[in-house]
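Shown next, in structure tokens, is the structure this report addresses.
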Protein chains: 2
Amino acid sequence: MSVPSPVTIRRARREDVKAIVAMLADDPLGSTRERLEDPLPPVYFEAFDAIEQNPDVHFVVAEDTDGVVVGCLQLCILPGLSSQGASRAVIESVRVASHCRSRGIGEQMVQWAIAESRAKGCRLVELLTHHTRVDAQRFYARLGFGPTHVGMTMRF
Amino acid sequence: MSVPSPVTIRRARREDVKAIVAMLADDPLGSTRERLEDPLPPVYFEAFDAIEQNPDVHFVVAEDTDGVVVGCLQLCILPGLSSQGASRAVIESVRVASHCRSRGIGEQMVQWAIAESRAKGCRLVELLTHHTRVDAQRFYARLGFGPTHVGMTMRF
């Protein structure tokens, strides 16, 4: 890692959606899944509204010292019965703008998510990372996550 | 698999919590994590109330033809921005009572969850299964799930 860039982690706003989708699309997997068009397809804003209205879903962005959005992360807090009724947190959609990687921005976002999960009383944080994202797996291992599970998915 | 046992999948009720916790505890991993005591620790009922109040979390049980609870599954529907604003479903806490395994009960529950996820407009269903649960991974693969991701966790 080069010099860490300090960022502010804040709740995403509607005007951040384009920057978020650009980050989601700027990725070998995301490029085939997203539609980074101008104007952006309305489905993204509909999804953003659903996120905003859901008290258990926290979509945050990392903003650099110039106010530019350079990262994003979604955190969901879910109740559950297992592990003595423990709530659990699920981290999704972690992205850092490609020109800002290796500056500790992802780490600051994930540390925010871990702290928020603890503050909400969760006893477990979980995430799925694509098996091809070996760097991501190393990154999460460094932050204290264990590769304990197989993440299985079905797409419709 | 022997002869499939037809079950009814229905929303879990407060009086099912003990049977659910018994299933969660009857497992090499769960036995160290749960507290199957009489009376059951109140945390389980508090967690159940939180689940009941959350419109995006569906905890169901499988009931046999005698009305006995023989399986459980938690399904969460989460909004998201990635994959063109697709909602996703997360399956958790899938258990079948040990004396009822290999009768297609887990399959009926998971097929219910897949159908429900489709009905709610999800385009992705995901789950984490412990890396030691090789039979579970084979089971999910047979139902159409791919081992596409590494499931990483952190416990507090």
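For the reader, a short list of remarks on this structure follows.
- Within the range A:7-21, the residues that satisfy the criterion of being surrounded by 12 or more Cβ atoms within 10 Å (Cβ to Cβ) and either out of contact with any Asp or Glu (no Cβ under 9 Å at 6 or more places or on another chain) or within 20 Å of A:Val110 (Cα to Cα) (or both) are A:Val7, A:Thr8, A:Ile9, A:Arg10, A:Ala12, A:Arg13, A:Asp16, A:Val17, A:Ala19, A:Ile20, A:Val21.
- Residue among B:Leu24, B:Leu36 that alone is free of Cβ contacts under 8 Å to residues at least 40 places away in the same chain, of a type outside the set (Lys, Arg) and not in a strand (DSSP E or B): B:Leu36
- If only residues of the range B:48-59 that are assigned to a loop (DSSP other than H, G, I, E, B) and open to solvent by 40 Å² or more (accessible area, probe 1.4 Å) are counted, the one that is nearest to the other protein chains (Cβ to nearest Cβ) is B:Asp56.
- Residue tally, condition in contact with a helix residue (DSSP H, G or I) (Cβ under 7 Å, 6 or more places away or on another chain) and among the basic types (Lys, Arg), over the range A:1-49: 3
- Answer residue from the range B:1-21, given it is touching a residue at least 40 places away in the same chain (Cβ under 8 Å) and aliphatic (A, V, I, L, M) and is nearest to B:Ala136 (Cα to Cα) among those: B:Met1
The values are calculated or read from the model by the stated rules, or taken from the named source; none is laboratory data. As the structure is a prediction and not an experimental result, all values here were calculated from the model. Note that we place each Cβ from the backbone using ideal geometry, even for glycine, and neighbour counts take in every protein chain shown. Areas reflect the complete protein model, heavy atoms only, side chains present, ligands, DNA and RNA absent. Shrake-Rupley method; radii C 1.70, N 1.55, O 1.52, S 1.80 Å.
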